[in-house]
1. How many of the residues making up segment B:64-73 are more than 7 Å from every other protein chain (Cβ to nearest Cβ) and among the basic types (Lys, Arg)?
2. When only residues in segment A:1-29 that are open to solvent by less than 70 Å² (accessible area, probe 1.4 Å) and among the aliphatic types (A, V, I, L, M) count, which is farthest from residue A:105 (Cα to Cα)?
3. Take the residues in segment A:24-49 that are in a helix (DSSP H, G or I) and among the hydroxyl-bearing types (Ser, Thr, Tyr), then tell me which one is nearest to residue A:134 (Cα to Cα).
4. Select from segment A:83-119 the residues that are surrounded by fewer than 18 Cβ atoms within 10 Å (Cβ to Cβ) and small (Gly, Ala, Ser) and list them in ascending order.
5. Got at least one residue in segment A:55-71 being within 14 Å of chain B (Cβ to nearest Cβ) and either modelled with pLDDT under 90 or in a helix (DSSP H, G or I) (or both)?
6. Within segment B:32-49, count every residue that is in a helix (DSSP H, G or I) and either touching a Lys or Arg at 6+ places or on another chain (Cβ under 9 Å) or aliphatic (A, V, I, L, M) (or both).
7. Within segment A:125-136, can you find the residues that are of a type outside the set (Ser, Thr, Tyr) and open to solvent by less than 60 Å² (accessible area, probe 1.4 Å)?
8. So, of the residues in segment A:101-141 that are among the β-branched types (Val, Ile, Thr) and away from chain B (no Cβ under 14 Å), which turns out to be farthest from residue B:57 (Cα to Cα)?
Amino acid sequence: MDDLIVKYISRLIIPFIQLYGIFVIFHGHLSPGGGFPGGAILGASIILYTLAFGAERGHEKMPHRVSEKLESGAIIWYILLGMVGIWTGNQFLTNQAAGFPMGEIGAILSGGFIPLITLAIGLKVGSTMITLFHTMIKEEQ
Amino acid sequence: MQILNVILILFLILCALAVERTKDLLSAVIIFAAYSLVMAVLWLLLRSPDVAMTEAAIGAGVTTIMFVAVISRTRRMEK
């Protein structure tokens, strides 16, 4: 696809989509949303880039090795955060009793490890979606 | 608000029937995207903005793109 209007509009709109995705991820414990919708929005922004600029530039923007490392790294980060609960003598994914600081209600840095968990889920979902789409496009050629 | 709900659900049923009856798969995918968008509005009216956000991003966005990619690899018309 080689259309000037599509390229220009997507170049204009992609930063806002990504900003909204990051907003949804980081406000996962305060407002509707969370890791899964935010990650889906982030992944959709890269998919839009690939659609507008072609598969090669999309691969350059988000190579397979980077998305693969993000995917595995996010899930390892999630499991390690859960393991902190076992480490301190509680159950898997224990929040307050494992010693995570709770912070002030309503602030971004509150709720113990929930922001960190949401960040991991968002990265995992977004990179999985990008990997899926890029694999599908690549087999087409 | 009740009337809006009824109109949206009627549109939803119409979309579902149209997806089943269309022979052109690309048109079916586009109708399915409209279905997803109306479903997102309905989730919002049912007071679950969380699911509405997910439906709008996954159902109307990513699923449509995946279906279009699959159709571009196979044939467009249903036998």
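1. So the count comes out to 0.
2. Here the residue is A:6.
3. Among those residues, the one meeting the criterion is A:49.
4. Of everything in segment A:83-119, those that are surrounded by fewer than 18 Cβ atoms within 10 Å (Cβ to Cβ) and small (Gly, Ala, Ser) turn out to be A:89, A:97, A:99, A:103, A:106, A:107, A:110.
5. Keep residues of segment A:55-71 that are within 14 Å of chain B (Cβ to nearest Cβ), which gives A:55, A:58.
Checking which are either modelled with pLDDT under 90 or in a helix (DSSP H, G or I) (or both) leaves us with A:55, A:58.
The answer is yes; a qualifying residue exists.
6. 10
7. A:125, A:126, A:129, A:130, A:133, A:134, A:136 - these are the residues of segment A:125-136 that are of a type outside the set (Ser, Thr, Tyr) and open to solvent by less than 60 Å² (accessible area, probe 1.4 Å).
8. Once the filter is applied, the top-ranked residue is A:105.
The values are calculated or read from the model by the stated rules, or taken from the named source; none is laboratory data. These figures come from a predicted structure and were not determined experimentally. Heads up, the Cβs are rebuilt from the backbone with ideal geometry, glycines too, and the neighbour counts pull from every protein chain shown. Side chains are part of the model used for accessible areas, which takes the heavy atoms of the whole protein and leaves out ligands, DNA and RNA. Shrake-Rupley method; radii C 1.70, N 1.55, O 1.52, S 1.80 Å.
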